[in-house]
Amino acid sequence: MPGPSSLISVSNKFTFVLRAVKMPELTVTSEIYGEYNYNTKITPLIEGNVISEFPFLLPKNYHKPQYDDDEDLDIERPKKEVIKIEHSSKTKLALVGLQVWRGAFLIGDLLIYLGVKGALKEKTILELGAGTGLTSFIAGIYAKKVICTDINLGGILDLIKLNTKYNEKLIKAEFRVDALDFTNMAWSQQLSKDIRDTDIIIAADVVYDDDVTAAFVATVQKILNTNSPKTLYMALEKRYVFTIEHMDSVAPCYETFLSLLDKVKNGSNWTVEQMTLDFPEYFTYDRVKELVLWKISSA
Ligand SMILES: C[S@@+](CC[C@H](N)C(=O)[O-])C[C@H]1O[C@@H](n2cnc3c(N)ncnc32)[C@H](O)[C@@H]1O
């Protein structure tokens, strides 16, 4: 799967450029595991996996103010919750979806922020490149229906189903797991119907390889051009490399994404904006400056 310039950071400081010449495929580890201790001693179902618990704060629905008997505003503290995820702690690049990446928390924060405002009520949410399913589970707290998708590779869809069971108490929405491969747009009847019904699309950290990015942008273009109007929220982490060519640090995968986006938005009726990250952090992670969030809406 890695394309001619696949990128992956193995720590905050080092980013490797992987080229499709004959070289052993590198094992990669998500940066987040080293930043906080999410470890548990719970035995995983699949050998070689680990089970982590990711804490987050779940505020009450502030759009519906509660009053006590004296008619005073009742301000309840947010509830401490955890998402329990079985996952790999290192993988080859082709199976990075078996790990949890930082963008999942950023979209998770955004969904909680929108959810408490009531903005996800009655919505159908489609996740692309869902990985372990973490972000879809947060969507499932607030939405009417969630379709959690990824490529059917390396047992990823079974892992999402397993994690869905671990978190079934949190999930209130109708929840469906399905295969959606960015390189195959011959969608099943069921998936096509779900996509037509989709209001919100979410995608976390799917820009890390030029080939995957190109297929992702083409998929987004087709989905956004399917009636009715839809909004995509996508989080990505700019991964910098120093190149002799530029004599500087550049984020080539991000640049690829920007130029592809520029091409497809021309002539479309989309509104495209980079969002400011001024909503609260409900998850426990480092919201590093390399994290960016894009919002793209079709009219
Ligand atoms: C870095 S992981 C991010 C996973 C998850 N969203 C997260 O943030 O933890 C990239 C995701 O893109 C998915 N992906 C890669 N190629 C894909 C393709 N052709 N079609 C659909 N998903 C793909 C991977 O399986 C993986 O789940």
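Laboratory data are not the source of any read-out in this text; all were calculated from the coordinates shown. What you see is a predicted model; the values in this text were computed from it and never measured. Heads up, the Cβs are rebuilt from the backbone with ideal geometry, glycines too, and the neighbour counts pull from every protein chain shown.
Residues in the range 147-161 that are of a type outside the set (S, T, N, Q), under 19 Å from Phe216 (Cβ atoms) and touching a strand residue (DSSP E or B) at 6+ places or on another chain (Cβ under 6 Å) were compared, and the one that is nearest to the ligand (Cβ to nearest atom) is Ile156. The one condition from (1) within 11 Å of the ligand (Cβ to nearest atom); (2) more than 25 Å from Leu120 (Cα to Cα); (3) free of Cβ contacts under 8 Å to residues at least 40 places away in the same chain that Ala179 does not meet is (2). Restrict the check to the range 243-265 and report whether at least one residue is under 17 Å from Tyr113 (Cβ atoms) and out of contact with any Pro (no Cβ under 7 Å at 6 or more places or on another chain). Checked against the condition, which is being under 17 Å from Tyr113 (Cβ atoms) and out of contact with any Pro (no Cβ under 7 Å at 6 or more places or on another chain), the range 243-265 yields no hits at all. Residues in the range 86-103 that are outside any helix (DSSP H, G or I), near the ligand (Cβ under 9 Å from one of its atoms) and either touching a Leu at 6+ places or on another chain (Cβ under 7 Å) or among the basic types (Lys, Arg) (or both): His87, Val100. Residue count for the range 143-180 under the criterion of being buried (at least 20 other Cβ atoms within 10 Å of the Cβ), over 15 Å from the mean Cα position of the chain (by Cα) and part of a strand (DSSP E or B): the result is 1.
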